[in-house]
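Chemist: Input: one structure, supplied below.
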Amino acid sequence: MSKAAILDASAVLAYLQMEKGQDRVEAAMDAGLCRLSTVNACEVLSKLCEKGMPPQEAQAALNDLGLLIVDFDAEQAAQAAFLRVRTKAIGASLGDRACLALADHAAHANTTPVVYTAEQNWTRLKWPFKIVTIR
């Protein structure tokens, strides 16, 4: 079984903005290819631009990370929708559920996913994959 590191938007933003926990994200990226949902890529780009970064610079910063950007397809959309009821109590956003759906998909595809996030509340639920909180 192969390992799959999956990054939440909060982890990517922590790394790019050199926030607390960025060292854990860097270690994950140094260990091998990390995956990021297109929904989370959108969230990262949105937040960078919201903070004043020009769009081309934001896109370049994300591209330079060398992440595998995984399309949010119909199967993942359905899984993220089904997670809504289960994750409502922890306040999971669509971006959160997109990340969790990607991890769930990987868990059922002969990989052992490890999800990196700043969202502490994700650990309150049981998952078929490992959650690593970066701070």
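The values are calculated or read from the model by the stated rules, or taken from the named source; none is laboratory data. Being a predicted model, the structure only gives us computed values, none of them experimental. All Cβ positions, even for glycine, are placed from backbone atoms using ideal geometry, and neighbour counts span all protein chains on display. Keep in mind that these areas ignore ligands, DNA and RNA; they rest on the heavy atoms of the full protein, side chains included. Shrake-Rupley method; radii C 1.70, N 1.55, O 1.52, S 1.80 Å.
Chemist: Can you pull out the residues in the range 45-58 that are surrounded by 16 or more Cβ atoms within 10 Å (Cβ to Cβ) and in contact with a helix residue (DSSP H, G or I) (Cβ under 7 Å, 6 or more places away or on another chain)?
Modeler: Leu45, Lys47, Leu48, Ala58 - these are the residues of the range 45-58 that are surrounded by 16 or more Cβ atoms within 10 Å (Cβ to Cβ) and in contact with a helix residue (DSSP H, G or I) (Cβ under 7 Å, 6 or more places away or on another chain).
Chemist: Moving on. What number of residues within the range 31-65 satisfy the criterion of being closer than 14 Å to Ala9 by Cα and acidic (Asp, Glu)?
Modeler: Total meeting the criteria: 1.
Chemist: Is it true that Ser37 is free of Cβ contacts under 8 Å to residues at least 60 places away in the same chain and not aliphatic (A, V, I, L, M)? So that I can check it myself, show each step before the final result.
Modeler: Details: free of Cβ contacts under 8 Å to residues at least 60 places away in the same chain: no; not aliphatic (A, V, I, L, M): yes.
Answer is no for this residue.
Chemist: Okay, moving on. Pairs, please: C-beta under 6 Å, at least 6 apart or cross-chain, first residue free of Cβ contacts under 8 Å to residues at least 40 places away in the same chain and in the range 87-112, second open to solvent by 50 Å² or more (accessible area, probe 1.4 Å) and not aliphatic (A, V, I, L, M)?
Modeler: These pairs meet every condition: Ile90/Arg124; Asp104/Gln79; Ala107/Pro128.
Chemist: For the range 59-94, which residues satisfy the criterion of being hydrophobic (A, V, I, L, M, F, W, C) and open to solvent by less than 50 Å² (accessible area, probe 1.4 Å)?
Modeler: Restricting attention to the range 59-94, the residues satisfying the condition of being hydrophobic (A, V, I, L, M, F, W, C) are 60-62, 65, 67-70, 72, 74, 77-78, 80-83, 85, 89-90, 92, 94.
Matches in the range 59-94: Ala60, Ala61, Leu62, Leu65, Leu67, Val70, Ala77, Ala78, Ala80, Leu83, Ile90, Ala92.
Chemist: Could you tell me which residue of the range 23-41 is nearest to Cys99 (Cα to Cα), considering only residues that are more than 11 Å from the chain's Cα centre (by Cα) and open to solvent by 50 Å² or more (accessible area, probe 1.4 Å)?
Modeler: That would be Leu33.
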